[in-house]
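Engineer: Have a look at this one.
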Amino acid sequence: MGDPWKFAGKPKCTISGSNDAAFVKNAIRRNSVRHIAPGQSLGWAGCGTIHSATFDQEYRVVATVSIYRRLLARFLPVIVLLGAAIMLTTFVGARRTVQSLSADVIAQITNEVQARLEQFFEPAFGGLALARAWGEAGHLVIEEAERVNEMLAPFMRRYPQITSVLVADERGREHMLLRIGDVWSNRRTRPDQWGTRSRWIEWKDGEQRSEEWRELDYDPRERPWYRGAMALEGVLHWTEPYEFFTTNEPGITASVTFERGDGILRVVAFDLLLEDLSRFTTDLSTERMGEVFVLTEDMRAIGRSASPRLGHARSREAVLPTSPAELGPTLIADAVTALGEDSIDAAPRRFESGGRAWWGAVRSFALGSWRGLRLVTAVPETELLGRIVQIRWWIVGITLAAIGFAVLRATGLAREVSRPIQALARESDRIGRGDLVRGESIVTPLDEVQRLVSAQNQMRDALGTLMKLERDLQLARQIQLSTFPGRLPRLKALDLAAWSEPAEETGGDTYDLMGVRSAETGDVLLVEEDAERVVLLLADATGHGIGPALSATEVRAMLRMAVRIGAPLEETVRHLNEQLCQDLTDGRFVTMWLAEFSSDSRTLRGFSAGQAPLLHYVAADRDVRVLDADAPPLGIVEDIDTSAAAPIALGRGDLFAAISDGIFEAQDPDGQMFGVERVMAIIREHANSPPGVVLERLRAAVVEFARGTPAADDQTAILIRCR
């Protein structure tokens, strides 16, 4: 058998009789077998392009297709078409039934909810009409507080959803009657007489409990209920949900203007708590069929029905109004997203939520001529279909089973022949993807295929060792490099530079520079811009390679967690040492320099565990100070003194360098070390340059000194310069 080729949209073509028949591959015709005699010139449209060739020996050109593919191509379309027709008929019929039922059920539930909401809001409508009539008749006189209380308190007792009543005029005078439980309060405001002072009177069971004056930055004329009523003069106004001034609770207010013949326009308003509305709607039990949510016009949730499917709602009352996504269950958020604004008062639509199919609709509920609510009703499709769903899935299951049986029968014979070739191809694909683990065992009576299997296994074993080693090293290097900061933080008083180069694919050095800023909530934020302070780390685990790289990465990860929770530097070092003592084996340790620079104080506060020398260039002296370590390396003994060294005040132009021993101990071909003095000389020479420039000069000097000698240890450096 010769070389096979496969062309897009064409059968597999095989040329027999030659070891190299590439020059005739485009001359193969679909579904044809042809002998080509020596010296014969051939030109035709074959599997690929039109090709002409003259043959000097006899070839047999065969266009083939597998039995497996041929049988599937003949039988599967018919089987699938019949099954699809059966399932399509079943689903279309069920869909139409569900759509009709959903409209009826949603209308029934929505009508019930609308009736209940009308019952909740009716006292506000009727009460405001009555209060307006009282005001126009001269019975709601702001200055006659006791009389106003006597008229309004009975009404509020009868309708507990009204928590407070307010009467205010154009002069800013206001009388408020507030009920909290069985305690009543009055707030009396007279800006033209009392300025910012308000008089508060509290009583219970008819007996006055307290009277006091309070300084309040409050003017009723600036409140949304007053401004809205004045804008709609004579028309009932409803506010958007907002926070009440006195109780700081979310609610809505209905208000209307009135005038009693003296030329002064007044406003009377009723407050309704959203918590009461939420509790009211939660008492709506629709669990038999669906769920109901009450939303504002801007789609903020203020109420929902009670249902085991949604969980208990009481714990969420305090956060109302809220976005649908924050209400708790995902159902409301999914319904709002799926239905959209164009579905208000439209036919029900189908959507998915929580792995279930639902039918939903949005209905408007008018609070007035210009404001209203949205009622979102959702009904699970299973509740509508009932046993129709079971029957439908039985039909689908039987149909799929029949299709599967037919496919099995059609492919049985083809699989017996094609299975070993397919298995061999699958194993070749796995090898091509780099997967060298032996897979399924291929057993075949075909001698040629068995020889290919043996050759494939030998190739797999030969590649295994090399690929595994290369893959592991590359992965470890990628992981380690990903832990280094992608961008250095920016501080107003400091310039930063850092660099690390492992001696092998992976190294035992790591570094980190974390910009830190405190949030208003007190949380610690890691930022790249406008940092208040920076936390710096240089750690060097003994040795180099994968093992030390894991130790260094562990130190960096634990430090990041400590910084995020705001742990003090001393406590962080102590916990790091205790953990490394438990994790590292005998003879292993980690040297570490950990420091924190504050832009406000321009001080560097640090701790060195065996990481030395540290170099401090003092601009005022034009010289470099050498600092020793504060403690032995981490991971050796648990009981070490973790007290940080005295803070270092960095003056303008001061430069501080933390450098791993891989740079100090870099060697030239003669075995001479680069040393601390050369590093100090470079810092002195370029001290007025940015730290990035100093670092580049240092790296270039090390490379020049080594003259091609491979680095024996990882090389890492952190440089900071105070502006």
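The values are calculated or read from the model by the stated rules, or taken from the named source; none is laboratory data. Keep in mind that this is a model prediction, so the values were computed, not measured. Here the Cβ is made from the backbone with ideal geometry for all residues, glycine too, and neighbour counts use every protein chain on show.
Engineer: For the stretch 118-158, which positions are crowded, with 17+ Cβ neighbours inside 10 Å and either touching an Asp or Glu at 6+ places or on another chain (Cβ under 6 Å) or not in a helix (DSSP H, G or I) (or both)?
Structural biologist: Result: Leu140, Ile142.
Engineer: For Gly566, are the conditions met, namely being out of contact with any Cys (no Cβ under 8 Å at 6 or more places or on another chain) and more than 17 Å from Ser598 (Cβ to Cβ)?
Structural biologist: No.
Engineer: Could you pull out the residue among Leu594, Leu580, Leu576 that is more than 22 Å from Ala646 (Cβ to Cβ) and hydrophobic (A, V, I, L, M, F, W, C)?
Structural biologist: Being more than 22 Å from Ala646 (Cβ to Cβ) and hydrophobic (A, V, I, L, M, F, W, C) holds for just one of Leu594, Leu580, Leu576, which is Leu580.
Engineer: For a quick check of your reading of the model, give me the residue pairs whose first member lies in the stretch 421-446 and is more than 18 Å from Leu463 (Cβ to Cβ) and loosely packed, with under 14 Cβ neighbours inside 10 Å, whose second is among the acidic types (Asp, Glu) and modelled with pLDDT of 75 or more, with beta-carbon atoms closer than 8 Å and at least 6 apart or on different chains.
Structural biologist: Glu440/Glu427
Engineer: Would you say Asn149 is more than 21 Å from Arg187 (Cα to Cα) and not basic (Lys, Arg)?
Structural biologist: Judged against the criteria, Asn149 is not a match.
Engineer: Does the stretch 706-720 include one or more residues that are without any contact (Cβ under 8 Å) to a residue 24 or more places away in the chain and outside any strand (DSSP E or B)?
Structural biologist: Checking the stretch 706-720: not a single residue is without any contact (Cβ under 8 Å) to a residue 24 or more places away in the chain and outside any strand (DSSP E or B).
Engineer: Those residues that are surrounded by fewer than 15 Cβ atoms within 10 Å (Cβ to Cβ), at pLDDT 90 or above and of a type in the set (D, E, K, R), I need them from the stretch 503-527; list them, please.
Structural biologist: none
Engineer: Collect the residues in the stretch 197-217 that are in a loop (DSSP other than H, G, I, E, B) and either at pLDDT 90 or above or under 23 Å from Asp182 (Cβ atoms) (or both), keeping them in residue-number order.
Structural biologist: Matches in the stretch 197-217: Asp205, Gly206.
Engineer: Quick check: is even one residue across the stretch 560-576 touching a Phe, Trp or Tyr at 6+ places or on another chain (Cβ under 7 Å) and among the β-branched types (Val, Ile, Thr)?
Structural biologist: Yes; the residues of the stretch 560-576 include at least one that is touching a Phe, Trp or Tyr at 6+ places or on another chain (Cβ under 7 Å) and among the β-branched types (Val, Ile, Thr).
Engineer: Does the stretch 547-563 hold any residues that are touching a helix residue (DSSP H, G or I) at 6+ places or on another chain (Cβ under 9 Å) and either under 19 Å from Cys581 (Cα atoms) or surrounded by fewer than 18 Cβ atoms within 10 Å (Cβ to Cβ) (or both), and which are they?
Structural biologist: Correct list: Ala549, Leu550, Ser551, Ala552, Thr553, Glu554, Val555, Arg556, Ala557, Met558, Leu559, Ala562.
Engineer: Any idea which of (1) surrounded by fewer than 16 Cβ atoms within 10 Å (Cβ to Cβ); (2) in contact with a Ser or Thr (Cβ under 9 Å, 6 or more places away or on another chain); (3) without any contact (Cβ under 8 Å) to a residue 40 or more places away in the chain is the one Gly566 doesn't satisfy?
Structural biologist: (3)
Engineer: Could I ask something else about it? Of all strands (runs of 3 or more DSSP E) completely enclosed by the stretch 582-674, which ones contain at least 1 residues that are more than 19 Å from Leu559 (Cα to Cα) and either assigned by TED's automatic domain parsing to the domain that holds Arg490 or within 42 Å of the chain's Cα centre (by Cα) (or both)?
Structural biologist: Output list reads 603-609, 614-618, 623-627, 655-659.
Engineer: If a residue has to be of a type outside the set (Val, Ile, Thr) and either assigned to a loop (DSSP other than H, G, I, E, B) or under 13 Å from Arg371 (Cβ atoms) (or both) to count, how many in the stretch 243-260 make the cut?
Structural biologist: Summing the residues that are of a type outside the set (Val, Ile, Thr) and either assigned to a loop (DSSP other than H, G, I, E, B) or under 13 Å from Arg371 (Cβ atoms) (or both) in the stretch 243-260 gives 7.
Engineer: Related question: Is it true that some residue in the stretch 171-179 is within 24 Å of Thr257 (Cβ to Cβ), of a type in the set (D, E, K, R), at pLDDT 90 or above and crowded, with 21+ Cβ neighbours inside 10 Å?
Structural biologist: yes
Engineer: Here's something else I'd like to know. Sort out which residues of the stretch 622-644 are touching a Lys or Arg at 6+ places or on another chain (Cβ under 8 Å) and closer than 19 Å to Val535 by Cβ, and write them in order of number.
Structural biologist: The answer is Thr642, Ala644.
Engineer: Consider Leu594 carefully, then state whether it is buried (at least 16 other Cβ atoms within 10 Å of the Cβ) and in contact (Cβ under 8 Å) with a residue 40 or more places away in the chain.
Structural biologist: When the stated conditions are applied, Leu594 passes them.
Engineer: Then there is this: Could you check, for the stretch 222-232, whether at least one of its residues is surrounded by fewer than 21 Cβ atoms within 10 Å (Cβ to Cβ) and within 23 Å of Gly303 (Cβ to Cβ)?
Structural biologist: yes
Engineer: Next up: List the strands (runs of 3 or more DSSP E) that sit entirely inside the stretch 261-362 and contain at least 3 residues that are closer than 30 Å to Leu130 by Cβ and modelled with pLDDT of 75 or more.
Structural biologist: Result: 265-273, 291-296.
Engineer: Being farther than 21 Å from Met176 by Cβ and out of contact with any strand residue (DSSP E or B) (no Cβ under 9 Å at 6 or more places or on another chain) is the filter here, so list the residues in the stretch 112-136 that pass it.
Structural biologist: Ala115, Arg116, Gln119, Glu122
Engineer: Right, next: Going by the conditions given, is Thr239 surrounded by 15 or more Cβ atoms within 10 Å (Cβ to Cβ) and farther than 30 Å from Gly360 by Cα?
Structural biologist: When the stated conditions are applied, Thr239 does not pass them.
Engineer: Of all residues in the stretch 225-242, how many are without any contact (Cβ under 8 Å) to a residue 40 or more places away in the chain and in contact with a strand residue (DSSP E or B) (Cβ under 8 Å, 6 or more places away or on another chain)?
Structural biologist: Residues meeting the conditions: 7.
Engineer: Another one. Just for the stretch 479-502: of the residues that are among the aliphatic types (A, V, I, L, M) and assigned to a loop (DSSP other than H, G, I, E, B), which one is surrounded by the fewest Cβ atoms within 10 Å (Cβ to Cβ)?
Structural biologist: Restricting to residues being among the aliphatic types (A, V, I, L, M) and assigned to a loop (DSSP other than H, G, I, E, B), the top hit is Ala493.
Engineer: Which condition breaks for Trp370 when tested against (1) surrounded by fewer than 12 Cβ atoms within 10 Å (Cβ to Cβ); (2) modelled with pLDDT under 75?
Structural biologist: Going through the list (1) surrounded by fewer than 12 Cβ atoms within 10 Å (Cβ to Cβ); (2) modelled with pLDDT under 75, Trp370 breaks only (1).
Engineer: Further question on the same structure: With Ala45, Ala124, Ala84, Ala53 as the choices, which residue is modelled with pLDDT of 65 or more and over 30 Å from Glu150 (Cβ atoms)?
Structural biologist: Only one candidate passes the filter, namely Ala84.
Engineer: Based on this model, can you work out whether Val92 counts as part of a helix (DSSP H, G or I), among the β-branched types (Val, Ile, Thr), more than 28 Å from Glu275 (Cβ to Cβ) and touching a strand residue (DSSP E or B) at 6+ places or on another chain (Cβ under 8 Å)?
Structural biologist: In short, no.
Engineer: Looking for something in contact with a strand residue (DSSP E or B) (Cβ under 8 Å, 6 or more places away or on another chain), surrounded by fewer than 18 Cβ atoms within 10 Å (Cβ to Cβ), farther than 25 Å from Ala541 by Cα and at pLDDT 95 or above - is there at least one such residue anywhere in the stretch 642-649?
Structural biologist: There is no residue in the stretch 642-649 that is in contact with a strand residue (DSSP E or B) (Cβ under 8 Å, 6 or more places away or on another chain), surrounded by fewer than 18 Cβ atoms within 10 Å (Cβ to Cβ), farther than 25 Å from Ala541 by Cα and at pLDDT 95 or above.
Engineer: Considering only the stretch 684-698, state which residues are of a type in the set (Val, Ile, Thr) and either closer than 15 Å to Leu494 by Cβ or at pLDDT below 95 (or both).
Structural biologist: Listed by number, the list holds a single entry, Val694.
Engineer: Cβ-Cβ distance below 8 Å, separation of 6 or more or different chains: which pairs start in the stretch 131-150 with a residue that is among the aromatic types (Phe, Trp, Tyr) and end on one that is assigned to a helix (DSSP H, G or I)?
Structural biologist: Once the first residue is among the aromatic types (Phe, Trp, Tyr) and sits in the stretch 131-150, its partners that are assigned to a helix (DSSP H, G or I) give Trp134/Met151.
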